[in-house]
Amino acid sequence: MKWKSFKGIPLFVTLIWIAAFAASLHFLDKSVIAFLGILSSIVLVYYTNTSKAIKMVIGALVLLIVIPLVAGDNRYYMEVASQVGIYVAMALGLNIVVGFAGLLDLGYVAFFAAGAYAYAIFSTSQANEFIAGNLFPLSGEWFWPFLIVGLIVAAVFGVLLGLPVLRVKGDYLAIVTLGFGEIIRIIFNNLDKPINITNGPQGITPIPSPELFGFKMGTPFYFYFIVLFVIAFIVLANIRFEHSRLGRAWIAVREDELAAQSMGISLLNTKLAAFATGASFAGVVGVIFAAKQTFIDPTSFTLMESIGILVMVILGGSGSIPGVVLGAAFVTILQVQLLKEFSNFLHSLQQAGIINLPNQLDPSKFQRLVFGIMLILVALYRPNGLIPAKRKKNDLDAIKASKFGQVKLGILSKISQISSGKQS
């Protein structure tokens, strides 16, 4: 069967798949296959042959009811799910910069760090080092306002990055953004002297968990729902931006800057909006990351984090919202669960005396090699990503046959009036 003739997965197959893996997830402890099966059901829902409304209902039921119900008591499953959600949200933010606007950003983790440090500094006693009055630490109730604060702080960082790089593009843009990301990391690493703001390489701890009306939400179960809420907000924003005037301007700049500028699109405002919007989402996720980890230091925001997020966008499909979600989930599960679980399995065989595995061949140490192989395979066989971005197609014949196609507007109407006047 050819891919083009693929009509979609029958609805009953998707429902059976969800029920089977939900049951196995409930009865099996730390089962990689069961966990991957229930997560992959989201992909099945996307390709199910049914209406969009039913797909959304089934997907919401899986994420909001099935997974928390069958795996909510398992800290391991919820930890992995919330970690996947954090990187999905990050990749969706970078998708605006790279996928929509076509601006190659290798310093995206700097905005992530800005949001994380904004919450970490003021929610701990660290702020007392440079603000008099002994007003800190703030309680976990301030987590919710700091989601907005992290968004604003990261957006400001995005504008600061966007201003000096407006005249460069392509490889030069990648180099400049890479340098910006490293500069921010080094600043946070050395900002403990002469005034101790970030506590330097020692990091900041303990960062309080979120609280709501005095109820602490510090377990992975609650972070799972917080991350889901943020992902829903970012996905909705991506969809609205994609079909808005600003989103079309981003796509025009991505395709041809000169042509976009000749059509009246301001490159300054358009690029700054892309950097600020993508950065703001990373700042929100940074606040969640800091609250979840309860400890941050500059080593959490290295260049490899930026490259990893970029890999998620390219692997899934640059500019494709479902593709980016799939790419981020796949890469995160690969590095958080699959490679580590495979490594633990081989170590158990080694302890049983079945195999003799040198430390140099530990699968968890080949993470970058696996990423490189995946990118090569995707570039060869799926150059547009696992789920390529869909372009909106207009039926030109239908437009010409409509009432709008029959009426001449603008300069064409003036030319026709002049010609008709001369004939009379």
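The values are calculated or read from the model by the stated rules, or taken from the named source; none is laboratory data. Keep in mind the model is a prediction, meaning the values are calculated, not measured. In this analysis, Cβ positions are derived from the backbone assuming ideal geometry, glycine residues included, and neighbour counts consider all displayed protein chains. Accessible surface areas use protein heavy atoms only, side chains included; no ligands, DNA or RNA. Shrake-Rupley method; radii C 1.70, N 1.55, O 1.52, S 1.80 Å.
Could you check the range 55-80 and list, in sequence order, the residues that are assigned to a helix (DSSP H, G or I), under 20 Å from V336 (Cβ atoms) and modelled with pLDDT under 90?
Correct list: I67, P68, V70, A71, R75, Y76, Y77, M78, E79, V80.
Filter the range 112-161 down to the residues that are of a type in the set (S, T, Y) and not in a helix (DSSP H, G or I), then identify the one that is nearest to P201 (Cα to Cα). Before the answer, list the steps.
Let us first name the residues in the range 112-161 that are of a type in the set (S, T, Y), namely 117, 119, 123-125, 139.
In the following step, the residues that additionally are not in a helix (DSSP H, G or I) were identified as 124, 139.
Working: T124: 16, S139: 24 Å.
Per the stated criteria, the residue is T124.
Can you tell me how many residues within the range 262-295 are in contact with a helix residue (DSSP H, G or I) (Cβ under 7 Å, 6 or more places away or on another chain), hydroxyl-bearing (S, T, Y) and without any contact (Cβ under 8 Å) to a residue 40 or more places away in the chain?
0
Just to be sure before I move on: is F100 under 24 Å from Y222 (Cα atoms) and either modelled with pLDDT of 90 or more or surrounded by fewer than 24 Cβ atoms within 10 Å (Cβ to Cβ) (or both) in the structure I sent? Can you show your working first?
Values: under 24 Å from Y222 (Cα atoms): no; either modelled with pLDDT of 90 or more or surrounded by fewer than 24 Cβ atoms within 10 Å (Cβ to Cβ) (or both): yes.
Judged against the criteria, F100 is not a match.
Residue-by-condition table, conditions (1) β-branched (V, I, T); (2) farther than 30 Å from I251 by Cβ:
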site: I354; (1), (2): yes, yes
site: Q360; (1), (2): no, yes
site: F366; (1), (2): no, yes
site: G372; (1), (2): no, no
site: L375; (1), (2): no, no
site: Y381; (1), (2): no, no
site: N384; (1), (2): no, no
site: A389; (1), (2): no, no
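Kindly indicate which of T177, T198 is of a type in the set (S, T, Y) and either over 22 Å from the mean Cα position of the chain (by Cα) or exposed (fewer than 12 other Cβ atoms within 10 Å of the Cβ) (or both). Steps first, answer last, please.
Details: T177 fails: either over 22 Å from the mean Cα position of the chain (by Cα) or exposed (fewer than 12 other Cβ atoms within 10 Å of the Cβ) (or both).
Going through T177, T198 in turn, just one is of a type in the set (S, T, Y) and either over 22 Å from the mean Cα position of the chain (by Cα) or exposed (fewer than 12 other Cβ atoms within 10 Å of the Cβ) (or both): T198.
Do we have R254 as open to solvent by 30 Å² or more (accessible area, probe 1.4 Å), farther than 16 Å from K169 by Cβ and in a helix (DSSP H, G or I) here? Quick ask: steps written out before the conclusion?
Details: open to solvent by 30 Å² or more (accessible area, probe 1.4 Å): yes; farther than 16 Å from K169 by Cβ: no; in a helix (DSSP H, G or I): yes.
Taking the combined requirement at face value, the residue does not satisfy it.
Give, as residue ranges, the helices (runs of 4 or more DSSP H) completely inside the range 315-388 that count at least 2 residues that are modelled with pLDDT of 80 or more. Don't jump to the end; show me each part of the working.
Numbers: elements: 321-333, 339-351, 367-381.
Filter on the range 315-388 gives 321-333, 367-381.
Under 8 Å between Cβ atoms, at least 6 apart or on separate chains: pull out the pairs that start in the range 134-148 with a residue that is within 17 Å of V230 (Cα to Cα) and end on any residue that is in a loop (DSSP other than H, G, I, E, B).
F143/P208; F143/S209; F143/P210; W144/P210
Going through D171, D192 one at a time, which residue ends up being over 23 Å from G85 (Cβ atoms), in the same structural domain as P298 (by the TED database) and over 26 Å from the mean Cα position of the chain (by Cα)?
That would be D192, the only listed residue that is over 23 Å from G85 (Cβ atoms), in the same structural domain as P298 (by the TED database) and over 26 Å from the mean Cα position of the chain (by Cα).
Inside the range 201-229, can you point out the residues that are open to solvent by 70 Å² or more (accessible area, probe 1.4 Å) and on the phi > 0 side of the Ramachandran plot?
F213 - this is the single residue of the range 201-229 that is open to solvent by 70 Å² or more (accessible area, probe 1.4 Å) and on the phi > 0 side of the Ramachandran plot.
Scanning the range 46-59 for residues that are surrounded by 14 or more Cβ atoms within 10 Å (Cβ to Cβ) and within 20 Å of the chain's Cα centre (by Cα), which turns out nearest to I387 (Cα to Cα)? Please lay out each step first, then the result.
Residues of the range 46-59 that are surrounded by 14 or more Cβ atoms within 10 Å (Cβ to Cβ), as a first pass: 46-48, 50, 55, 58-59.
Filter again for within 20 Å of the chain's Cα centre (by Cα), leaving 46, 59.
Working: Y46: 11, G59: 18 Å.
So, considering only residues that are surrounded by 14 or more Cβ atoms within 10 Å (Cβ to Cβ) and within 20 Å of the chain's Cα centre (by Cα), the one nearest to I387 (Cα to Cα) is Y46.
Is at least one residue of the range 348-356 within 30 Å of F111 (Cβ to Cβ) and either over 15 Å from the mean Cα position of the chain (by Cα) or surrounded by 14 or more Cβ atoms within 10 Å (Cβ to Cβ) (or both)? Steps first, please.
From the range 348-356, those within 30 Å of F111 (Cβ to Cβ) are none; that's our starting set.
Among the residues of the range 348-356, not one is within 30 Å of F111 (Cβ to Cβ) and either over 15 Å from the mean Cα position of the chain (by Cα) or surrounded by 14 or more Cβ atoms within 10 Å (Cβ to Cβ) (or both), which makes the answer no.
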